[in-house]
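S.K.: Okay, here's the structure, questions in a sec.
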Amino acid sequence: DSLDQLYKVAGWPEQRAHFNDALDAAQQRYRNSLPPAVYQALVNNSNQRFQAQAVDKRAQAQLRANLIDPAPALDFFQSPLGRKVVAAELLATRRDQLAKNAKGLPKIGASDNRMLIIGHLAQALPAREAGAEVSLAIAGVAADSLSQMIPGLLGGGQAQSLLDGQRQRLMEQIGNDLNNTLLYVYRDLSDSELEAFATFAESAEGQAYYKAALAAIRAGLAVGQKTSDLK
């Protein structure tokens, strides 16, 4: 149906694969800093929590529940501009690109007009929130693994409060450099293309899609949920 089509053309399966690449890189970083038993628990939890079909199923279900009419978003992402936007986003999250920019993105110069458009886009896209969820999902696996090995380590609402505090800090960090990040990601879009993208993102239909998309990211990555509670 149209929602299945939207999920595919908007690049969700590829972004999920890119997330798993980033997760794999994180696991390798943890390998030398965790005791072997904890590291193995982390890998097992990761494999269970972020199994491709399970992530897609949770994300699609949430997208379907929250997006009443997928047609406007599908029309946009099937258009030449929409395909160009998705291609830019997929390139930015590819493993080799993340490694290349690990120490930070280059500063992008732009005209006043382009900066104005980027400012509108930064307000319309849930980039801060989505970036925080991805970071929390990766970090959360380690906390979940420790909690399994030491029951009660993060009990009584402590885990949720730590999560909320970390989410806010991450959103602030992402927000500090968001305009430059968007300038870099969408650098191949002309000013007129960028303006048309911002117009869609700011529209009622665009906002409905991005609100549903953020809920789908949270559901797909199961942020704040114990691995043992996931079906």
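The values are calculated or read from the model by the stated rules, or taken from the named source; none is laboratory data. As the structure is a computational prediction, the values presented were derived from the model and not from experiment. Because the Cβ atoms are built from the backbone with ideal geometry, glycine has one as well, and the counts that use them run over all protein chains shown. Just so you know, the surface numbers come from the protein's heavy atoms only, side chains and all, with ligands and any DNA or RNA stripped out. Shrake-Rupley method; radii C 1.70, N 1.55, O 1.52, S 1.80 Å.
S.K.: With a cut-off of at least 1 residues that are closer than 26 Å to Leu182 by Cβ, touching a Phe, Trp or Tyr at 6+ places or on another chain (Cβ under 9 Å) and open to solvent by less than 40 Å² (accessible area, probe 1.4 Å), name the helices (runs of 4 or more DSSP H) lying wholly within region 39-122.
M.R.: Once the helices (runs of 4 or more DSSP H) in region 39-122 are filtered for at least 1 residues that are closer than 26 Å to Leu182 by Cβ, touching a Phe, Trp or Tyr at 6+ places or on another chain (Cβ under 9 Å) and open to solvent by less than 40 Å² (accessible area, probe 1.4 Å), what remains is 52-66, 71-78, 80-92.
S.K.: Let me ask something else. Going by the conditions given, is Ala201 surrounded by 21 or more Cβ atoms within 10 Å (Cβ to Cβ) and either at pLDDT 95 or above or part of a helix (DSSP H, G or I) (or both)?
M.R.: Yes, satisfied.
S.K.: Also, I was wondering about something else. Contact list please: Cβ distance under 9 Å, first residue in region 1-30 and open to solvent by 40 Å² or more (accessible area, probe 1.4 Å), second residue among the β-branched types (Val, Ile, Thr) and not in a helix (DSSP H, G or I), pairs at least six apart or on different chains.
M.R.: Glu14/Thr93; Gln15/Thr93; Asp21/Thr93
S.K.: Across region 169-195, what is the total count of residues that are of a type in the set (A, V, I, L, M) and open to solvent by 30 Å² or more (accessible area, probe 1.4 Å)?
M.R.: Looking only at that region, the number is 2.
S.K.: Right, next: Checking the condition at pLDDT 95 or above, aliphatic (A, V, I, L, M), within 19 Å of the chain's Cα centre (by Cα) and in a helix (DSSP H, G or I), which residue from Leu194, Leu182, Leu170 passes? It would help to see each step written out before you state the result.
M.R.: Numbers: Leu194 fails: within 19 Å of the chain's Cα centre (by Cα); Leu170 fails: at pLDDT 95 or above.
Just one listed residue meets the conditions, Leu182.
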